[in-house]
1. Search segment 265-301 for residues being charged (D, E, K, R) and either free of Cβ contacts under 8 Å to residues at least 60 places away in the same chain or more than 30 Å from E204 (Cα to Cα) (or both), and hand back the single one that is surrounded by the most Cβ atoms within 10 Å (Cβ to Cβ).
2. Which of the residues that make up segment 161-209 are in a loop (DSSP other than H, G, I, E, B) and farther than 13 Å from L83 by Cα?
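Every read-out reported here was derived from the displayed coordinates using simple, explicitly stated rules and does not represent laboratory data. Computed from a prediction, not measured in an experiment: that's the story for all the values here. Cβ coordinates were reconstructed from backbone atoms using ideal geometry, including for glycine residues, and neighbour counts include every protein chain displayed.
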Amino acid sequence: MSDQSSQNDEIDLSVVFDKIKSIFKSILIGLVQIFQFFWNHKFRLLIVLIIGIGIQLMFSTQVDKIYKNEFLVKTNFGSTEYLYSKAEAINQKIKDKDTVFLSSIFGDEYERIEEVRVDPVVDIYSLVNRSQENKEIFELLLDEYDDISFIGNAINRGEYPTHKISLLVNGVSLNKVLSLELYNYLTNNPYYNDLKQLALNSYEEQLKQNKSIRSQIDSIIKDQKDIGVFPKTNDNAINFTGSQNLRELLSQKQELLDNDLRLKNNLSTNDQVLKIVDSNFGVLSEEDNRSNLIIPASLLFIYTLFFFFRFLKINILKVIKES
């Protein structure tokens, strides 16, 4: 009984090995047939490729290419999410072909607008070094994700002060004009413009107050020096280390000067809701233009697909006749 079982196992294994050999043989035969097909049709395929390249070149000269226009902006007064929501709204209007809305922004050339993109300019070091809390959160997320892919997530984009606005335009003309129209639309927000004006007025007022306080400090130092309150050295100069009051006044004046520098910097960088850091207009976008191989590859695919179906038809008819 055991001998019969052993023989059955050997028969089963031989059948399995025969099936495996048959599969590998079919694969090899298929590879050889594919190679033979391309070899036998090499001249025809070359002609199809040349025709495809010619059609692609002719097509590319008649169709406008896509150009990219970029603004590098600093988002002020908490306007980061506003910027992203506006970009998403414009893109949705482009998909919906809302001509009234788009023409109100871009004028008569609205049909040439392809897309508006906004991306954060990721600066890991400034983000982590901003506070101890940021550093601890970064370390926790790094342990969880095992990489830094999370820094580009939408939830983190508000942490970055600088963002890149990209406007994709079909055609080379009027790229700068269309880009500035987009920028003007984005910055024309009453709420953020009111915040901007309040902040600028506050900076100016603080500068005036600082100037007045510095003048008072200088007057106090002069008066005290004239009546001999502050100790002097042998050469009749004021001894800065000998008077606690004098050191406090000078320290306060230095703080006011440092504060003035910060205020003037704010006046310069916060004078717009979206402050332009840099801009580029009318740059050909290689990634957004159609590949030069689309038409040639499509023709080659159609040619090979035709002969593939022809091959299947022949083999199916052969199987039917043999059965």
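1. D288
2. Within segment 161-209, G171, V172, S173, L174 qualify.
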